[in-house]
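Input: a single structure, listed below in structure tokens.
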Amino acid sequence: SQSLRTPCVKTLVHGDQRRLFNTSNSRMTIMPAWVIDRYGSNDVLRFTKNAGFPIINYPNEVVVQVHAAGLNPIDVSMRGGYGAATMAMKRDPLNINQSGSEFPLILGRDMSGVIMECGLDVASAYFKEGDEVWAAIPPWKQGSLAEFVVLSANEVSKKPKCLSHIEAAAVPYVAATAWSALVNTGGLNKDNCAKKRILILGGSGGVGTFSIQMLKAWGAHVTVTCSQNAERLVRGLGVDHVVDYTAGPVEVPLRALEKFDLVLDNVGGDTESWALGLLKPWCGAKYVTLVTPFLCNTDRLGIADGMLQTGVTVASKALKHLSKGVHYRWGMFAPNGLALDDISEMVDAGKIRAVVEEEFTFSQVPQAMLKVEKGHARGKTVVKISSGEDSSE
């Protein structure tokens, strides 16, 4: 009889190739992936068929076969080394490994796919092999531009039934970012949004298009800034008022409007100098910006000094604006499988739809990255990874 210590091996069919899929840590296999071996411009991207197969190291993890991966501006930034100091600390808090141990690094923060293996602590009531799932992958973990990825079960959620994998891969990272900014930091939820006036600076990108739909589903009045050629897109998502930032200084028409309960800033730059003046004073109104110097500070000054500089900066700005009766906050991405559960229900209820601007094949990852790098997004850029059938297509 077969020894109990013999690795359990399953055979997967990918395209016309057969691959042994290990469910044991005793033996590594390989997989196709796009990796970088150093930080730099787009030419650092390298395709390999020999990337290390992801292994379950903790009992609450799952291995997922990636069917589609969404790209975000953070991928372009990370390709260039943005946040490297902080991510290194997250991967190796005791600083055991030598510098550069993150390479070869796999980018890609959005994922939709199928669970292939569950850790021992993953309850079958939540997930089992064969479940279609989506996830926003934390930036300190290996990403989704690969055939397989390993994730914590609390980062994963059941994919909306009404979306294909391509559509689903356009949602999780921007959804988790918007949820963190609007719900966790901004204090909004489905029960307190009715009639609240929200301004989104930069409304046509991934976070903007998702935020519009979630806020409208919760009954808010939403104003956005975008270019004239994106107006049709955001109007189609239910926006109440659009201000064209290409028509002149955008703060001029915004100051003529009724003041807002919350401003979500996806743009940065000099917006802080005037955006807080658009808030209702002494009413608990908040300015939440997603463009923060936190990772730049830690990259430039190191972890300790960078975090100290960050704390001083945000505290001084918060106190300055609190004296004027408004709240200044930083919003940041946070992985959140429970939030994705709620969002999945909203998608299946028809309240939120995926906004895919362009789809690329796995061989076109460099072109997809260049597309994201150019900016002026009208939704999301998605890469089809697996040749497996998409049950929702």
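The values are calculated or read from the model by the stated rules, or taken from the named source; none is laboratory data. Just so it is clear, the model here is predicted, and its values are computed rather than measured. Virtual Cβ from ideal backbone geometry, glycine too; neighbours counted across all protein chains shown. Each accessible area value is taken on the protein alone, full model and side chains, heavy atoms only, with ligands, DNA and RNA left out. Shrake-Rupley method; radii C 1.70, N 1.55, O 1.52, S 1.80 Å.
Would you pick out the residues in region 223-238 that are touching a Gly at 6+ places or on another chain (Cβ under 7 Å) and of a type in the set (Val, Ile, Thr)?
VAL224, THR225, VAL234
What pairs come up if the first residue lies in region 358-376 and is farther than 17 Å from ALA168 by Cβ and among the polar types (S, T, N, Q), the second is open to solvent by 30 Å² or more (accessible area, probe 1.4 Å) and not in a helix (DSSP H, G or I), and their beta carbons are under 9 Å apart, counting only those six or more places apart or on different chains?
Final answer for the pair search is THR361/LYS384; SER363/PHE47.
Only one residue in GLY236, GLY206 is at negative phi, within 15 Å of the chain's Cα centre (by Cα) and outside the structural domain of GLY379 (by the TED database), so which one is that?
When all the criteria are applied, what remains is GLY206.
Mind listing whichever residues of region 181-193 are more than 15 Å from LEU340 (Cβ to Cβ) and either open to solvent by less than 20 Å² (accessible area, probe 1.4 Å) or at pLDDT below 95 (or both)?
Correct list: ALA181, GLY186, LEU188, CYS193.
Which pairs have Cβ atoms under 8 Å, sit 6 or more apart or on different chains, and link a residue in region 218-245 that is within 22 Å of ALA256 (Cβ to Cβ) to one that is of a type in the set (Val, Ile, Thr) and surrounded by fewer than 16 Cβ atoms within 10 Å (Cβ to Cβ)?
Short answer, once both residue conditions are applied: SER227/THR246; GLN228/THR246.
Within region 105-119, is there a residue that is surrounded by fewer than 14 Cβ atoms within 10 Å (Cβ to Cβ), of a type outside the set (Gly, Ala, Ser) and assigned to a loop (DSSP other than H, G, I, E, B)? Quick ask: steps written out before the conclusion?
Going through region 105-119, the residues surrounded by fewer than 14 Cβ atoms within 10 Å (Cβ to Cβ) turn out to be none.
No.
Taking only pairs six or more apart or across chains, which ones have beta-carbon atoms under 9 Å, a first residue in region 81-98 that is in the same structural domain as SER41 (by the TED database) and open to solvent by less than 30 Å² (accessible area, probe 1.4 Å), and a second residue that is polar (S, T, N, Q) and outside any helix (DSSP H, G or I)?
If the second residue must be polar (S, T, N, Q) and outside any helix (DSSP H, G or I), the pairs left are ASP92/SER101.
I'd like the residue in region 258-279 that is open to solvent by 50 Å² or more (accessible area, probe 1.4 Å) and assigned to a loop (DSSP other than H, G, I, E, B) and, out of all such residues, is nearest to GLY203 (Cα to Cα).
Ranking the qualifying residues of region 258-279, first place goes to VAL267.
Which one of these does TRP134 not meet: (1) open to solvent by 30 Å² or more (accessible area, probe 1.4 Å); (2) part of a strand (DSSP E or B); (3) not small (Gly, Ala, Ser)?
(1)
What number of residues in region 354-380 are part of a loop (DSSP other than H, G, I, E, B) and open to solvent by less than 40 Å² (accessible area, probe 1.4 Å)?
Total meeting the criteria: 5.
Counting residues that are closer than 26 Å to ALA153 by Cα and at pLDDT 95 or above, which strands (runs of 3 or more DSSP E) fully inside region 1-66 reach at least 1?
Output list reads 30-36, 45-52.
Of the residues LEU278, LEU340, which is among the hydrophobic types (A, V, I, L, M, F, W, C), farther than 21 Å from THR225 by Cα and modelled with pLDDT of 70 or more?
Unique residue meeting the criteria: LEU340.
Checking GLY70 against (1) open to solvent by less than 10 Å² (accessible area, probe 1.4 Å); (2) part of a loop (DSSP other than H, G, I, E, B): exactly one of these is not met. Which one?
Every listed condition holds for GLY70 apart from (2).
Can you name the residue in region 203-222 that is assigned to a helix (DSSP H, G or I) and of a type in the set (Ser, Thr, Tyr) and is also surrounded by the fewest Cβ atoms within 10 Å (Cβ to Cβ) among such residues? Steps first, answer last, please.
Initially, region 203-222 is screened for residues assigned to a helix (DSSP H, G or I), giving 206-217.
Now drop any that are not of a type in the set (Ser, Thr, Tyr), which leaves 209, 211.
Values: THR209: 32, SER211: 29.
Among them, the one singled out is SER211.
Go through region 143-180 and count every residue that is under 14 Å from the mean Cα position of the chain (by Cα) and surrounded by fewer than 24 Cβ atoms within 10 Å (Cβ to Cβ).
Count: 2.
Looking at region 218-233 only, could you name the residues that are touching a helix residue (DSSP H, G or I) at 6+ places or on another chain (Cβ under 6 Å) and among the aliphatic types (A, V, I, L, M)?
Scanning region 218-233 gives VAL222, VAL224.
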